[in-house]
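Working notes, structure below.
The values are calculated or read from the model by the stated rules, or taken from the named source; none is laboratory data. Model, not experiment: these values are computed from the prediction. Quick reminder, even Gly has a Cβ in these numbers, built from the backbone with ideal geometry, and neighbours come from all protein chains shown. Accessible surface is based on the protein model in full, side chains and every heavy atom, while ligands, DNA and RNA are left aside. Shrake-Rupley method; radii C 1.70, N 1.55, O 1.52, S 1.80 Å.
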Amino acid sequence: MKINIIGGGPAGLYFAILMKKSDSSHEITIYERNGPDDTFGWGVVFSGKTLTNLREADEETHAEITKEFEAWDNVDVVHGDSKISIRGNSFSGISRLQLLKILQQRCEQLGVKLHFRSEIADVEALRRSCDLLVAADGVNSTVRKQYASHFLPTLDVRPNRYIWYGTNQLFHGLTLTFRESDAGVFAAHSYKFNKTTSTFIIECDEQTWQRGGFAELSDGQTRARLAEVFARDLKRHPLLSNNSKWINFLLVKNHRWFFENIVLLGDALHTAHFSIGSGTKLAMEDAIALHACFQRTSDAVRALREFESTRKPIIEEYQAAAHESMLWFENARNYMPLSPPQLALSLMTRSGRVTYEDLKKRDPIFIAQYETTRL
Ligand SMILES: Cc1cc2nc3c(=O)[nH]c(=O)nc-3n(C[C@H](O)[C@H](O)[C@H](O)COP(=O)(O)OP(=O)(O)OC[C@H]3O[C@@H](n4cnc5c(N)ncnc54)[C@H](O)[C@@H]3O)c2cc1C
């Protein structure tokens, strides 16, 4: 089979690996507009369950990922002077650049052709020259735009602003920090992803952003202002920028997932709010699911139809949970009057995927603490 892939992110690279591994006669080419080392972002997170899925799909990649990652089991909720730790939440983090390097190397080892600095504008020509065109071209997918009348996407620009930074202050475990300033409430989502660096994403609502005057601030001024807001958490470590810009989260859904021999994958197909740390996970699990469909038939249209019918309900359920989590953060200021254990419980149960009963099993000490403050 001749397969062209637009986009060398986790979705495109991992799908190429799985297809080439199961049949080396596939001719697979990835077109990536950036160079092999140009990436944005800091760390990415995986749950224990995702790592099991990755191990089952390709042990070699899994072994490389787990050599590099940082594992933890606590979620820390920080507000005012208090820090509440909730145990029993197994996650791990790895640098996005490191992950892409591992996937690129595995592609090269298997014989996948990687064309860097190749931006695809003529999608139609590319799709005519292959049996399957995979559009793994990210959240602002060109392919999705060009074939919008077939995919029928819905794009929902959410009101909160967020910015993705790194820092050398190490946050052991997923740390959710809330700081109130004159401008309003800022939330930080942070976690260590290697020995020296943590991801530090800052989110706030539109009014807070406007009152903070961020539209007028340079990159350096923005980092200095936000470092002041989180001064007691960052402990004098600066915020590190990697072309970091304020953005509004874009919620992407598509009514149809494929058109003839083109299929959307990863962020091009769907997004889920970063507060449940799932963009990379979903992209790689999409690749696993699509590959599984091609194991059952070599007929592209049948495989794509099966991919849509089997994976869509899973993604919809995930997006529903992510939606609840996103709404929680969009309304974060309403939760600030809660006591620290109440705030922590509200956060832990926000998406509906974790219940009070689950927490009782995972961390009875936390639940006992919560019950004491209710009295
Ligand atoms: C600013 C920002 C920072 C982020 N940082 C993190 C982070 O630190 N941790 C995390 O877990 N998630 C992060 N995410 C989310 C995460 O990147 C995605 O959820 C995940 O990478 C999805 O994988 P993907 O392969 O579908 O898309 P992507 O990783 O976005 O890959 C798509 C690729 O397609 C390429 N491309 C696009 N159009 C073309 C074209 N026409 N021709 C050729 N190539 C093209 C792009 O250059 C890109 O490399 C971030 C998102 C954004 C917007």
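Step through the table entries 49/235; 49/312; 20/281; 20/253, compare each Cα-Cα distance with 24 Å, and write down the pairs that go over it. Walk me through the intermediate numbers first.
Numbers: 49/235 33 Å; 49/312 19 Å; 20/281 21 Å; 20/253 28 Å.
From the list (49/235; 49/312; 20/281; 20/253), the Cα-Cα distance tops 24 Å for 49/235; 20/253.
Which residues in segment 211-250 place their backbone N less than 18 Å from a point set 7 Å from the Cα of residue 155 along the Cα-to-Cβ direction?
Counting backbone N atoms under 18 Å from the label point, the list is 246-250.
With no solvent and one point per C-alpha, what does the Debye sum give as log10 I(q)/I(0) for the chain at q = 0.12, 0.13, 0.15 Å⁻¹?
-0.93, -1.08, -1.36
Using all Cα-Cα distances in segment 63-189, what percent lands in each 10 angstrom bin from 0 up to the longest?
9, 24, 26, 25, 13, 3, 0
Sorted from largest down, give the three principal axis spans of the alpha carbons of segment 1-61, whole angstrom values.
Each principal axis gives a Cα extent; for segment 1-61 these are 34, 29, 14 Å.
Helices from the chain with mean Kyte-Doolittle at least -1.0 and a Cα length along the axis of 27 Å or more, per DSSP H: which? Working shown, then result.
Working: long enough: 300-330 (41 Å, -0.45).
Span-like helices in the chain: 300-330.
Where the centre of each part is set by its Cα atoms, how far does segment 318-342 sit from segment 1-37, in angstrom?
38
I need the fraction of alpha carbon pairs in segment 180-220 separated by more than 14 Å, rounded to a whole percent. Display every interim value, and only then the final one.
On the way: 469 of 820 pairs.
When every Cα pair of segment 180-220 is considered, 57 percent fall beyond 14 Å.
So how strong a dipole does the chain carry about its Cα centre when Lys and Arg Cβ are +1 and Asp and Glu Cβ are -1, to the nearest 20 debye? Provide the component values of the computation, followed by the final result.
Values: 45 positive and 46 negative charges, 61 e Å.
Its charge dipole is roughly 300 debye.
Out of every Cα pair in segment 276-342, what percent are spaced more than 20 Å from each other?
Value for segment 276-342 (Cα pairs over 20 Å): 48 percent.
I'd like the antiparallel share, as a percent to the nearest 5, of DSSP beta bridges with both residues in the chain.
70
Counting only C-alpha contacts under 8 Å and six or more residues apart, can you give the relative contact order of segment 155-250 as a whole percent?
Values: 179 pairs, mean separation 38.8, N = 96.
Relative contact order, segment 155-250: 40 percent.
How much accessible surface area, in Å² rounded to 10, belongs to the heavy atoms of residue 149 with a 1.4 Å probe?
Answer for residue 149: close to 90 Å² accessible.
Compute, for segment 267-375, the length of the dipole vector about the Cα centre, with Cβ point charges of +1 (Lys, Arg) and -1 (Asp, Glu) only. Units Debye, rounded to 20.
For segment 267-375, the charge dipole is close to 180 debye.
Highest mean first, how do 314-327, 213-226, 4-17, 339-352 rank when packing is the count of other Cβ atoms within 10 Å averaged over residues?
Sorting 314-327, 213-226, 4-17, 339-352 by mean packing, highest first, produces 4-17, 339-352, 314-327, 213-226.
Would you kindly compute the Cα radius of gyration of segment 223-263 and its largest Cα-Cα separation (Dmax), both in Å?
Final numbers for Rg and Dmax: 19.3, 55 Å.
Give the Rg (one decimal place) followed by the Dmax (whole number) of segment 226-375, computed from C-alpha coordinates and expressed in Å.
20.3, 63
Under Stokes-Einstein, with the Kirkwood radius over Cα pairs standing in for Rh, what whole-number D in µm²/s applies to segment 150-258 at 37 °C and 0.692 mPa s?
For these conditions, the coefficient is 219 µm²/s.
At 25 °C and a viscosity of 0.890 mPa s, what translational diffusion coefficient does Stokes-Einstein give for segment 203-285, taking Rh as the Kirkwood radius over Cα pairs? Give it in µm²/s as a whole number.
Values: Rh = 15.8 Å.
Using the Kirkwood radius from Cα pairs, D works out to 155 µm²/s.
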